[in-house]
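Read the structure below first, then the notes.
The values are calculated or read from the model by the stated rules, or taken from the named source; none is laboratory data. Every value quoted in this text rests on a predicted model; they were computed, and no experiment measured them. Methodologically, a virtual Cβ is constructed for each residue, glycine included, from the backbone with ideal geometry; neighbour enumeration extends over all protein chains shown.
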Amino acid sequence: MSDDPAESATDANAESEPDAAPDAAAQAAEDAATDAEGEASSAESAAEDPDATGDGPAVSDRVAEYDDDLAAEVAALEARVADLEAERDEAEATAEELQSRLKRTQADFQNYKKRAKKRQDQIKERATEDFVERVVTVRDNLVRALDQDEDADIRGGLESTLKEFDRILEDENVEIIAPEPGTDVDPNRHEVMMRVDSDEPADTVADVFQPGYEMADKVIRAAQITVSKGE
C-alpha cells in the first residue's frame, strides 16, 4: 500500500467501482421492470374499458402511426360496421312499423267480421219477415174462404189462394217437383212408393202421389210417385 494520500484515494475508488457497478445495473433493471408493469397495466385497462380513452383518436388513426396499409383496412372495417349498424337500426324501425300495421290490420279484420255477421243476420231477419208477410196473406184468404156459408162454393176462392201461394214460392225460387206420367224416374228427386199396373211404359212414372219441392237446385222434399209395371 502506498503512503501517498492521493494514490491511496485512487486505489480506494478503484476497489469500490466493481462493487458499485452491479448495484447500478440492478437498480436500472428494477426501474425498467416497474415501467413495463405500468405500461402493461395501462394497456390492460384500455382493453377492458374502451371508453376509458375518452374522445381519443380512432383505432385507424392510432394504427396509422405504425402502418398505413393496416390503418386503411381498419378504417374500411370501421365504415362497414357503421353501415351495418345503420342498416340494423333501419331494419328495427321497419319491423316495428310492420308489427304496428299488422296489429291495426288484425283489428280492422275483426271489426269487419263483426259487421259482416251483423249485416248477414239483418238480411236474414228481413228476408224471413218478408216471407212471413206474404204467407200470412195466404192464411188470411183461407180464413175468409172458411168464413163463407157452408153451402157457398169456395172452390174459386181456394184456387185463387193456391195460385197466390204458388207465386210466393216462385218468388223464393222454389220449384214444384211433379213429373208427368210416362217420364223417367229420377232417384235424386223422386221417391218411389210402389209399383202399380199402368198403361205407361214399364219403370216410368205412373202417377204423382205427393209433389216435391226444390230450391236453388237443392231438393227440399222428393216427390212421392208410383211406378208403372207395364202391360
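Output the residues belonging to region 154-183 that are part of a loop (DSSP other than H, G, I, E, B), within 59 Å of the chain's Cα centre (by Cα) and over 13 Å from ILE225 (Cα atoms).
If the condition is that a residue be part of a loop (DSSP other than H, G, I, E, B), within 59 Å of the chain's Cα centre (by Cα) and over 13 Å from ILE225 (Cα atoms), then GLU172, ASN173 are the ones that fit.
Select from region 184-219 the residues that are hydroxyl-bearing (Ser, Thr, Tyr) and either modelled with pLDDT of 95 or more or not in a loop (DSSP other than H, G, I, E, B) (or both) and list them in ascending order.
Scanning region 184-219 gives THR204, TYR213.
For region 105-153, give me the residue count where each residue is assigned to a loop (DSSP other than H, G, I, E, B) and modelled with pLDDT under 80.
6
Scan region 156-176 residue by residue and report those that are within 19 Å of MET215 (Cβ to Cβ) and in contact (Cβ under 8 Å) with a residue 12 or more places away in the chain.
GLU164, PHE165, ILE168, LEU169, ASP171, GLU172, ASN173, VAL174, GLU175, ILE176
Filter region 190-231 for residues that are surrounded by 12 or more Cβ atoms within 10 Å (Cβ to Cβ) and on the phi > 0 side of the Ramachandran plot; which is farthest from the chain's Cα centre (by Cα)?
For region 190-231, the residue satisfying everything is GLY230.
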